[in-house]
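Written below as structure tokens is the structure these notes are about.
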Amino acid sequence: EDLRKNLISDISHEIKTPVSVIRAGSETLHAGSIKDPKIVSKFTKSILDNSERLSEMIDDLLELEKIEFGGLVIKKEKIIPHKEINKILSTIEALLVEKKLVVENDINEDLILRTDKESFRSIFSNLLNNAIKYSPTGSKIVFNAAKKQKSIVISIKDNGYGIEKNSIKRVFERFYRSSKARAHTKGTGLGLALVKQLSSRIGANVKVESQINVGSEFFVSFQDK
């Protein structure tokens, strides 16, 4: 019940801004400013951007709600991380070309992991999208993996803007976006919350290391069983 109350409170707070912008833009156009091409272009773009943000927010919230309240069915099976990452990369190839980003999949092709396949894909799709979003044009993103005593750690490293020290502990909170993130990119602030919740549901741990203007590296540690 507390989780639901907090979620509703967060949604109410975050949803107000895009709704207000859409309403204000619509009212301005309805009042007659639609005759001015410059105003039309400005306000229709604002309406489009904020409606897209609302749509992304709703999709992410539905996924988050499903995870937090037990709607996610976990099915553990053997997967090959190298192949799964390649499948994710194939779906966003156009985006990588657009930003002239190089992605290296350095995960050992023989590595086998036992986990929930859909959750794995969702976790690394979100982390990859994050890396793309915060990486400067022409930079590199690297996937890697390491076997430890009782775990397999898969990492994704970028050369992006980095995360401020005071934000490191908060980046996995719902709707939290650092000041640098808000300044440089669009987003709902829910991607990393999804990563955290999904990781927890399948018994994995996620952490991040980062340096400003150097980049960030996210580590997801899976139990090796």
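At-a-glance table
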item: Out-of-range pairs (alpha-carbon distance over 29 Å; input LYS42/LYS157; LYS78/LYS157; LYS16/LYS99; LYS76/LYS147; LYS35/LYS100); result: LYS42/LYS157; LYS16/LYS99; LYS35/LYS100
item: Note, ³J(HN,Hα) from phi for the range 216-223, Karplus 6.51, -1.76, 1.60, rounded to Hz, x at Gly and Pro; result: 10, 9, 9, 10, 10, 9, 9, 5
item: Residues of the range 47-133: accessible area per residue with a 1.4 Å probe, Å²; result: 55 Å²
item: Of all accessible heavy-atom area on the range 118-163, the percent that carbon and sulfur account for (1.4 Å); result: 45 percent
item: Exposure of LYS140 as accessible area (Å², to 10), given a probe of 1.4 Å and all protein chains; result: 80 Å²
item: In Hz, Karplus ³J(HN,Hα) per residue of the range 155-167 (6.51, -1.76, 1.60; θ = phi - 60°; x = Gly, Pro); result: 10, 9, 10, 10, 10, x, 5, x, 10, 4, 3, 6, 9
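The values are calculated or read from the model by the stated rules, or taken from the named source; none is laboratory data. Not measured: the values here are computed from a predicted model. These area figures cover heavy atoms from the full protein model, side chains too; ligands, DNA and RNA do not enter into them. Shrake-Rupley method; radii C 1.70, N 1.55, O 1.52, S 1.80 Å.
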